[in-house]
Amino acid sequence: MAESMSVPASVAPSTWQYLASRRLAHLATVDDRGRPHLVPVCYVVDGSAIYIPLDEKPKRVSPLRLRRVRNLIDHPDVAFLVDDYAEDWSRLAYVLVRGLADLLDPDDQRHRDVITLLREKYPQYEAMAIDRNPLIRIVPYASHVWSSAPGFFDWRQASLVRNLDFDAIIRGRRSVRAFRPDAVPPALIQRLLEAARWAPSPHGRMPWRFVVVTRPDLKLKLADAMGDEWERQLALDGEAPEIIARRKLRSRQRILEAPACIVLCLYLVDLDRYPDPVRQEAERTMAVQSLGAAAQNLLLAAYQLGLDAGWMCAPLFCSDTVRAALGLDSDLEPHALLTVGYAARDPVRRERLPLESLIVRFD
Ligand SMILES: Cc1cc2nc3c(=O)[nH]c(=O)nc-3n(C[C@H](O)[C@H](O)[C@H](O)COP(=O)(O)O)c2cc1C
């Protein structure tokens, strides 16, 4: 069922959140003859107004001669639209704001603050002299929200979805190792698994299965069992007892504090069998490669949905223990434990080697 409601005199907090989380809007103005003018715009919001920069791209006219500016000086009544489109039509949404627009002068103190907000949201503006031009300011007097997803605008998730382009999602994803206690809605976990399901796999046989653990008692059982096994292994390595205790505690906390744990298991039952070990090993390697692809699909989907995730390789080193703790069949090989939730803080980003040093040959 679609959700639609009008907010006559203001913009609801969840609607401001939605506007703040999106990056592109469309601004409609009207000229003296009633002809509409529509342009895509970048913007920021501050909970009481919407601000749109007039950038210094080479334009034939000075910013004040732009049609949108001339229109709003004569007719301050404007419409401002932000929307979500997806091929899955159960995920459509838009916010339409009506408001009165004016120009915020560069001498105004607020102008400087808004320029900072704009540059934080769009780093591209760092290199542009937007601070010399006035800003368009829209003070809303009405807003209308609509979504095909029931509860979308009450759902905290709506504002968290990172509606970024593909490149920004790839670069934005990062390993998160500390989470807030907020639960992850099961519908979102389903969407992560759905993303993983579309990973490439050898012969299309999908040699992986998912185990989702959210129940605190089950996480505790898993964390305790894995911790004991790791303690045993670290002692074999000759690690000092205090280091063992610290590492065991940290790993245990990571599992207990993650709202959801997804154990990716290798599942080889449907793969080809070969009489020689070389080809058999290659077949297995392909399955492991495919599990990595499924994991990456899942991690990118999590980031796009406003979730954060981390990767723990520990199950690989204690697969019997994980199987026993979770009651899994022997044909499931636990390989990775992906912790999923909402980041407690933004982690430091791991740098990458320059691309040239990774390309061995390109001719
Ligand atoms: C196969 C694999 C195993 C990993 N195992 C762990 C792990 O056990 N613990 C951990 O904190 N991070 C683990 N990571 C995450 C990496 O440390 C992380 O991806 C890498 O440092 C790059 O940082 P980024 O993910 O923030 O970009 C693993 C990653 C991969 C691909």
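The values are calculated or read from the model by the stated rules, or taken from the named source; none is laboratory data. Given the structure is predicted, the values throughout are model-derived calculations rather than measurements. With ideal geometry, Cβ positions are generated from the backbone for all residues, glycine too; neighbour counts draw on all protein chains shown.
Rundown of residues vs (1) assigned by TED's automatic domain parsing to the domain that holds residue 214; (2) under 21 Å from the mean Cα position of the chain (by Cα); (3) of a type outside the set (Lys, Arg), yes/no style:
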site: 254; (1), (2), (3): yes, yes, no
site: 259; (1), (2), (3): yes, yes, yes
site: 266; (1), (2), (3): yes, no, yes
site: 276; (1), (2), (3): yes, no, yes
site: 297; (1), (2), (3): yes, yes, yes
site: 317; (1), (2), (3): yes, no, yes
site: 351; (1), (2), (3): yes, yes, yes
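Restricting attention to the stretch 156-169, which residues are in a loop (DSSP other than H, G, I, E, B) and free of Cβ contacts under 8 Å to residues at least 12 places away in the same chain?
165
I want to confirm something. Restricting to the stretch 192-228 and keeping residues that are part of a loop (DSSP other than H, G, I, E, B) and of a type in the set (A, V, I, L, M, F, W, C), which single residue is farthest from the chain's Cα centre (by Cα)? The qualifying residue farthest from the chain's Cα centre (by Cα) is 206. Each residue in the stretch 170-191 was checked for being more than 16 Å from the ligand (Cβ to nearest atom), outside any loop (DSSP other than H, G, I, E, B), of a type in the set (A, V, I, L, M, F, W, C) and buried (at least 16 other Cβ atoms within 10 Å of the Cβ), and 2 pass.
Of the residues screened, residue 274 is not one that is of a type outside the set (Lys, Arg) and assigned to a helix (DSSP H, G or I).
Tell me the residue from 316, 298 that is crowded, with 21+ Cβ neighbours inside 10 Å and either over 30 Å from residue 168 (Cα atoms) or touching a helix residue (DSSP H, G or I) at 6+ places or on another chain (Cβ under 9 Å) (or both), please.
298
Scanning the stretch 334-346 for residues that are within 28 Å of residue 321 (Cβ to Cβ) and outside any strand (DSSP E or B) returns a single hit, 344. All of 308, 346 fail the test of being within 12 Å of the ligand (Cβ to nearest atom), loosely packed, with under 10 Cβ neighbours inside 10 Å and of a type in the set (D, E, K, R), apart from 346. Can we say residue 321 is in contact (Cβ under 8 Å) with a residue 40 or more places away in the chain, away from the ligand (no atom under 12 Å from the Cβ) and of a type in the set (S, T, N, Q)? Here the answer is yes, as residue 321 does meet what is asked. Criterion applied to 81, 66, 72, 100 was being within 22 Å of residue 12 (Cα to Cα), modelled with pLDDT of 90 or more and out of contact with any Pro (no Cβ under 6 Å at 6 or more places or on another chain), and the one residue passing it is 81. Taken over the stretch 324-363, the criterion of being closer than 18 Å to residue 299 by Cβ, of a type outside the set (Gly, Ala, Ser) and in contact (Cβ under 8 Å) with a residue 60 or more places away in the chain is satisfied by 334, 335, 337, 338, 339, 340, 342, 347, 349, 350.
This table checks each residue for (1) surrounded by fewer than 19 Cβ atoms within 10 Å (Cβ to Cβ); (2) closer than 21 Å to residue 177 by Cβ.
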{"residue": "224", "(1), (2)": "yes, yes"}
{"residue": "235", "(1), (2)": "yes, no"}
{"residue": "241", "(1), (2)": "yes, no"}
{"residue": "247", "(1), (2)": "yes, yes"}
{"residue": "253", "(1), (2)": "yes, yes"}
{"residue": "263", "(1), (2)": "no, yes"}
{"residue": "272", "(1), (2)": "yes, no"}
{"residue": "275", "(1), (2)": "yes, no"}
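Return yes when residue 231 is over 27 Å from the mean Cα position of the chain (by Cα) and surrounded by 12 or more Cβ atoms within 10 Å (Cβ to Cβ) and no when it is not.
Yes: the conditions hold for residue 231.
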